Structure formats: C-alpha cells, structure tokens
Number of protein chains: 2
Amino acid sequence: MKAEIIAVGTELLLGQIVNTNARYLSEELAALGVDVYFQTVVGDNFIRLQQAIHIAEDRADIIIFSGGIGPTQDDLTKDALAASLGLELHIDRQAMDNVEAFFKNRGSIMTENNGRQALVINGATPLPNETGLAVGNAITVNNTHYVVLPGPPKELMPMFYNQARPWILSHALTGELPLYSRMLKFAGIGESALETQLLDLIENQSDPTLAPYAKESEVTVRISTKAQNTAEADNKLSALQKQIESRLSNHLYADRDIPIEQVIIETMTAMKLTVSCAESCTGGLLMQSLTSIPGSATAFMGGIVCYSNDMKHKLLNVPADLLEGEHAPGAVSKETAEVLAEQIRMITDTDFGLSVTGVAGPAYSERKPVGLVYIAISERGGKTVTHQFNFKGNRETIRIRSAKSVLYQLWLRLKEIQNEV
Amino acid sequence: MKAEIIAVGTELLLGQIVNTNARYLSEELAALGVDVYFQTVVGDNFIRLQQAIHIAEDRADIIIFSGGIGPTQDDLTKDALAASLGLELHIDRQAMDNVEAFFKNRGSIMTENNGRQALVINGATPLPNETGLAVGNAITVNNTHYVVLPGPPKELMPMFYNQARPWILSHALTGELPLYSRMLKFAGIGESALETQLLDLIENQSDPTLAPYAKESEVTVRISTKAQNTAEADNKLSALQKQIESRLSNHLYADRDIPIEQVIIETMTAMKLTVSCAESCTGGLLMQSLTSIPGSATAFMGGIVCYSNDMKHKLLNVPADLLEGEHAPGAVSKETAEVLAEQIRMITDTDFGLSVTGVAGPAYSERKPVGLVYIAISERGGKTVTHQFNFKGNRETIRIRSAKSVLYQLWLRLKEIQNEV
C-alpha cells in the first residue's frame, strides 16, 4: 500500500512554517505499515493543486491532504479534489451546526465564508473536527483513497488519529499485518563505520528490515517487521537486535529513541552515583545536555565553567605553573584536564568529575590547533582517565563533539562498572 | 523564476525527521525573489528519485536538492541526477583531499565508500562543504538550473548561503535587478506584539517589502528591495529601518542576522566589561550561549552551575536559611536569585553577575509552579535588579526563554550605560 502526502499552503512554500504535519502523518502511516513514497507541498493555487493530485494518483493508493480547508477564498483543497474527481460539494448539516454553535457560543456573528468549513464532497465520509471548525473528508474513488485533513497540527493530529486512521484501517488496509519498529541508538561511532560493521545485515535484509541514519553526532538504526501481534514482533526484533549488539556492544546505548545523556542520568540514579563537570571550551554545553533531562538533579550536582585561566586557577585550583610559562603544558593539555576533573569532583564531593578543555576556534590558542581537545573523567577511589581528540569542523561542531565524547566515555565506564557488579 | 525543492531521504518519508531544510531553502529563495511552487520529498530510491526529477523539470527553472549525497549506497542523489541528465560523475580532487584529510586528522582509516562524497557531475561547479565532507554540485542544462546540497542542516545552510546562493545569483538570476535584504533582529517581544506595532507598515508595504517571522524565542523582520547598487539599496532600507527603530528601539538589537549574545559579547568587549553567571534551572544553557560566540573569552570569564541546593550553599554562599525551612523563600525566589548574581560577580571579580533560578519542569519543585523563573543582574558599584517570569511551555522552552530573558535584560542595561556615556 503506497501513500502520498500533499500539504497545501503558500506559507509552507514561503518558508514561514515547517511542514511538521508531513512528519507526523508519515510516522503514523509507517506505523500502519503504509509506505509513504512521496510528500508534496503545493501552494493555495487551484491549477497547481490539481496538477499535484493527478501526479499523486499515478503513484499512490492513498493520498492524504493537509491544509487548505479553512474559511477563506484561498482554501481550495476540497474544491480542487472535487473537481478532479468530477464530484460536487455539499454543506454537511452536522459540521455546519458545529460551526454555527461556535460563533453563537462566542457571541459573535458568523460571516458567510465560514460555511465553507462544513463542505463535504458528495459520497465522502465527513471526518469530525474535535478541536476546530473545518470538517475533514474521506472517500474512495477508482480504488484510490483520499483523506482531507485540516492544516493546524492541533486539529490535524486528533482528526487523523481518531477519525482518519480507523477509516484507513477499515477501508484501505483490510487484511494487512501491522508494522512494529524499534530504534537502536549508537554513540562513539560514525554512520559509515557503523554501516561497515553491519554491511552484510543491511545488504541481505528481508524481515525484519533495518535502516541506519545519522543525526547530530549520533547514529540510529531502525529495525522494523510486520507481525500478527506484539509478542511475535518482539521475538523477531530482539533476535536481530542481539546480532547487532554482539558486534557493537560498546556503542549501542539504547533500544528506544532517547539521547545518551538520558541513559547516563537514569543509570547513575539507579546506581546512586553523582557527577559534576568542569568545562572550558564547551562553556556549559556538557552540563546543559545533562540538565536537559527531567529528573537530572538526582545525579547531576553542578559544576564550573572555567573559561579564563584565572578561573581555572581560582575556582579549580589548577596550579599557575601548569597554565602559564614557556614550558608549561598550558590550559589545553592532558595535565590540566586531569586537574580540572579531579578538582571539580573533590570540590563538589561527587562520584565522578568530568572535564573538557580544548581549542574550539575559530582562532587557535596557546599555539595549539583548532580542534585539539582533552577530556578527563575522575572517579572516586579510582584513577583519572584522559583522552585526546583532534576534531574537525567549526566552533559549534567541535564543541558538540567534545561534549558528546565525554558523555560517551562516561557511559562506557558506567557500563563497565555495571558488568563488574 | 520558478523553483522546486526536492528533499531526498527515506528518514523523511518515515517521519523520523522534519524537513526543516525545505523551510530554510524556501525562505532564502523567497528573499532572492524566486517563487517556490512545489516542495517534494522522495526516498533513497533511484527510480522514484528520477521520476521526481522529471516532474520537477516540467514545472521549475531551478531545482534544489537536499540530502542523499553522503557516503553510503543509499545516497543516490548525484547518481540519479547525472543519469537523468545523461552525464557521468567524477571524483573531484579537492573534495577528495578534504575527505582524506578528515580521516587522517582523526587518525582513522577511510573506508572506500567515503570517496562517494567527493563525486561531482561532469561539467558541474563543485560547491565546497565548510562543515562536512560531501561536496555540493551546481549545473545548468537546457536552461534548467540544478543545485545539489547535503542533508544535514548544519552543512546545507552554510553551503547554500556561501556557495549556492552566489551561484544562483550569477547563473540563474542574471539580468534581474539584484535583491538586497537586511535582517532586523528583535528580543524581548513576541511575534504578534511586534506585528501589531508594525501593522500599518506591513499592510501598506510596497518597496522595500517587509516580512516578520518568528524563530525559537526570537523575532526577525526581513526588509528587502531590488536596486541598481548597494548605495541605492542602503538608502531605501535605512529609511524603513529608521521608521521601525523609532517604534521598537528597546527591542531591535541588530540589523544583521546575529544572536543577541553576539551583540552582548561585542559590546562588552568594546566597553572593556566582564561578566559571569550562576545558573540553576538553565543548567549551563546561558553560559553555553555566551561561549558559542567566537572571542567570548574577552568578556565572559566563567561561572557556576549550582543545580543542587548544596552547591548553591557551598559554591555560591547562599545562606542555608534562605534555601530551606518552612518560611524560607527557597531556591526559586527573588532573594536567592539576588544572592546568586551578587556572589558569582564577587567570586569571579567581574563587572556583571547574572543568575537564573526557576522551575523548568516537568515536575514542580518547592510547591512552586512549573515556569516560575527568577533572574538577577548584579553590577559592580550598582544595585542588583531582579525579574520574575511565569513562562509557559515544556522544559526545553522554559529553559530557553529563561536564558534569553537574562540576555535581553543585560542587553537593555548595556544600552542604557552606552547612552549615559
């Protein structure tokens, strides 16, 4: 079953809004096992809207429209679809009652154009709008299924889920198996290195299927299968997950779509461990990631951004002769990273102390190259471990990669401790 | 001049990511006076990608592709376009050097598939990638202009703006009067309040045109005009800017597309002023914003994330009886915000001390509601000013708005000092 989503609205073509409806509908359709092959965005223009409908009819079994069903003369979706199907429109009584009640309740006068929101194509099922006025439409003509939804996400989402989805299940998807998916999340590895590790699985995939993709310094693999029920799906997905895990156990940090900092906070909370940070080049980014997680206060205590050398010395007791002088290692060094991590851990009396110091650029500093970054992890009763990186990219990328590297190394260490126990 | 944007990527069709690239490109093309008539999303599929190209060729003069130019076998955009144009691909030497240098710098081995990122269609102009590895392409065939860009927004945006945009101006938009734009940036005001202030200017616009739009806690107005030369454009744009400024002088912080933290860092550097921060609910976000600006080390010295009450007491000397006890104001209070700002300023010996403390949610704390936030600004030799906010939204929104509010208040104060001098 192939689908196409047609979003209607000049504001999308002007870049005034993002097409979040297409993302929502695509995700929901994927969950139903429907393949979305194309998404189209077209303006509030009768001719071009009809062109888009004709193209979609050639390549899709289900066409879902979002937008263009409001009260104004610009709202043309139902008119264009009706004309294209050779059908007339009529005012749906129940939808009209709804529109009239709305204005009556507000004590305001309904202008005539608002009647357009109650239009239904002859022969179509009206889809009630729980959170707005414009009624949706669903109709099957020549084996193609058409679903017309409103543009505002807060109207579209409930109408899709409560009205259109059951209609699609009973009219278009009779007899198909539902699709189950799982997201596997990886850290400390790039997309192409991960693909190389999984190449045979990717190339010989059938059921479950697997698809890797990369976001900001993160790699995700989605594994999916069609099954009779959750138990059968879980069996199939877990078998494949086990295969992937055996190859990438030091990188696979979650089997649901969460950031690594959430796993860290949850793990530390469960293990009753605490953490603090001393950040130089990342300037707060690392702590910002950790505190973005609700409930992070149980594990993350606080920390210091020591941007200047003076702050490193004054707030974190880094010896001045480590920072400055002809033969000093300098602020960007293994030695300084170590002291920062140890000091912040001791000052805050936490189980772990994390530190980052490096050259984020664009200017180099201490005659050291942009992208040179040292991180350190100090552990209560353990030794302090440091890592050196030479990151590429602009200031933002270097800062993000630096913070992600600390998180990855901390996750690895927590995993090690869990295995020791 | 009509354009179509083709975003390539199965992850878009699965609803895993939102097509923010289409929004960005549409907005930038609108600013160039190019009409985007269609946006299409197609998966990583050779046949369907070619179908999309053929349809676009029938209805657009400029076709802009985003995505599908990475290292994997799924990345097919250049292959499909080359085949559709009847052209071959070659490895661009300079792009390949860039890819090889990346792996060499990281000390890792380049897998063969990475060479795909250096592919250029014969006859096309390579568009260098400042923030990634995959090289872009731009080519004109039979009066249709094709521009191929990478998928990750942080690669696509600089490549479009610095490489593709000039190429489009000189290859596709020749003979038209060039369009000059200026971005006016506002803080401390919402989109609808700003629109109300400028309603007559928006409704009666002709030349220059003006278009407001809102991003994350920021409002921008783009004013544009077509002119013979920069001097003529500057005259027209400055006249309109002056009108806008006279109404919104306490909100208009820049006439180019920079964040308010950059204005703050630049102003403080010029005035030889320094700043430090004590953050509770924002957990490093405020310092992260300030340090995202290159050269911020001249004005920003450092600060403390005091997430737990213990840290507020130990690192920032907040009296325990202010934080805890039945009648204590608590961590989220005007009093604590004041002490935090004053203490961080004194500890770091800076001219300004900034603080934020609040309830970011989702759980309330100290029986105070989610969204209640106090900020304070302490000034050397001056009095400490606090503000209370009741923000709406989720954890992320509340944190962002909190940080932005501190920045806005600091900007206002710096402006005041400048005017006093």
Report summary line: Scanning the stretch A:297-312 residue by residue, those surrounded by 24 or more Cβ atoms within 10 Å (Cβ to Cβ) and not hydrophobic (A, V, I, L, M, F, W, C) turn out to be A:G302, A:G303, A:Y307, A:K312
Query raised in the report: Which number in (1) surrounded by fewer than 20 Cβ atoms within 10 Å (Cβ to Cβ); (2) in contact with a strand residue (DSSP E or B) (Cβ under 9 Å, 6 or more places away or on another chain); (3) β-branched (V, I, T); (4) free of Cβ contacts under 8 Å to residues at least 40 places away in the same chain marks the one condition that A:V219 misses?
Result: (1)
Report task. Assess whether A:T350 counts as being touching a residue at least 24 places away in the same chain (Cβ under 8 Å), more than 12 Å from A:E338 (Cβ to Cβ), in contact with a strand residue (DSSP E or B) (Cβ under 8 Å, 6 or more places away or on another chain) and outside any helix (DSSP H, G or I). Result -> yes
Query raised in the report: Any idea how many residues of the stretch B:293-311 are assigned to a helix (DSSP H, G or I) and either within 14 Å of B:G353 (Cβ to Cβ) or more than 9 Å from chain A (Cβ to nearest Cβ) (or both)?
Result: 2
Query raised in the report: Do any residues in the stretch A:199-214 that are within 13 Å of chain B (Cβ to nearest Cβ) have Cβ atoms under 7 Å from those of residues that are surrounded by 19 or more Cβ atoms within 10 Å (Cβ to Cβ) and in a loop (DSSP other than H, G, I, E, B), where the two are at least six apart or on different chains, and which pairs are they?
Result: A:Y213/B:Q16
Query raised in the report: Is there a residue being touching a residue at least 60 places away in the same chain (Cβ under 8 Å) and more than 9 Å from every other protein chain (Cβ to nearest Cβ) anywhere in the stretch B:92-103?
Result: no
Query raised in the report: Does the stretch B:328-335 contain any residue that is of a type in the set (S, T, Y) and within 18 Å of A:I304 (Cα to Cα)?
Result: no
Report summary line: Across the stretch B:35-52, the tally of residues that are at the interface with chain A (Cβ under 8 Å from one of its Cβ atoms) and part of a helix (DSSP H, G or I) stands at 3
Query raised in the report: Just wondering, is there one or more residues in the stretch B:125-134 that are at pLDDT below 95, of a type in the set (V, I, T) and not assigned by TED's automatic domain parsing to the domain that holds B:H54?
Result: no
Query raised in the report: Among the residues of the stretch B:179-209, how many are within 20 Å of the chain's Cα centre (by Cα) and not in a helix (DSSP H, G or I)?
Result: 10
Report task. Could you figure out which of (1) facing another protein chain (nearest Cβ under 8 Å); (2) outside any helix (DSSP H, G or I); (3) among the hydrophobic types (A, V, I, L, M, F, W, C) isn't true of A:L290? Result -> (2)
Requested in this report: Residue by residue through the stretch B:265-285, note down the ones that are closer than 28 Å to A:V359 by Cβ and either within 7 Å of chain A (Cβ to nearest Cβ) or among the hydroxyl-bearing types (S, T, Y) (or both).
Outcome: B:T267, B:T269, B:T274, B:S276, B:T282, B:G283, B:G284, B:L285
Report summary line: Selection over the stretch B:97-118 where residues are surrounded by fewer than 19 Cβ atoms within 10 Å (Cβ to Cβ) and either touching a Ser or Thr at 6+ places or on another chain (Cβ under 6 Å) or not charged (D, E, K, R) (or both) yields a count of 11
Query raised in the report: Looking at (1) surrounded by 22 or more Cβ atoms within 10 Å (Cβ to Cβ); (2) at negative phi; (3) in a loop (DSSP other than H, G, I, E, B), can you tell me which one A:P71 breaks?
Result: (1)
Report task. For B:I55, state whether it is assigned to a helix (DSSP H, G or I), at the interface with chain A (Cβ under 7 Å from one of its Cβ atoms), aliphatic (A, V, I, L, M) and more than 25 Å from B:P178 (Cβ to Cβ). Result -> yes
Report task. Restrict the check to the stretch A:139-162 and report whether at least one residue is more than 18 Å from A:L25 (Cα to Cα) and either in a loop (DSSP other than H, G, I, E, B) or in contact with a Lys or Arg (Cβ under 9 Å, 6 or more places away or on another chain) (or both). Result -> yes
Query raised in the report: Cβ-Cβ below 7 Å, separation at least six or inter-chain, first residue in the stretch B:60-87 and touching a residue at least 12 places away in the same chain (Cβ under 8 Å) and within 11 Å of chain A (Cβ to nearest Cβ), second of a type in the set (S, T, Y) and not in a loop (DSSP other than H, G, I, E, B): which pairs?
Result: B:G67/B:T77; B:P71/A:S192; B:T72/A:S192
Query raised in the report: Which of the following residues is more than 14 Å from every other protein chain (Cβ to nearest Cβ) and among the hydroxyl-bearing types (S, T, Y): A:Y161, A:Y146, A:Y180?
Result: A:Y146
Report task. Out of A:N204, A:N229, report the one residue that is out of contact with any helix residue (DSSP H, G or I) (no Cβ under 6 Å at 6 or more places or on another chain) and farther than 27 Å from B:G151 by Cα. Result -> A:N229
Requested in this report: Would you check which residues across the stretch B:340-369 are hydrophobic (A, V, I, L, M, F, W, C), away from every other protein chain (no Cβ under 13 Å) and within 17 Å of A:G302 (Cα to Cα) and list them?
Outcome: B:A341
Report task. Could you figure out which of (1) farther than 30 Å from B:A403 by Cβ; (2) within 10 Å of chain A (Cβ to nearest Cβ); (3) touching a helix residue (DSSP H, G or I) at 6+ places or on another chain (Cβ under 6 Å) isn't true of B:A134? Result -> (2)
Report task. Give the stretch A:272-296 a look and list any residue that's on the phi < 0 side of the Ramachandran plot, over 27 Å from the mean Cα position of the chain (by Cα) and surrounded by fewer than 24 Cβ atoms within 10 Å (Cβ to Cβ), or say none. Result -> A:L273, A:T274
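The values are calculated or read from the model by the stated rules, or taken from the named source; none is laboratory data. Note that the structure is a prediction, hence the values are computed from the model and not measured. Glycine also receives a Cβ, built like all others from the backbone with ideal geometry; neighbour counts cover every protein chain displayed.
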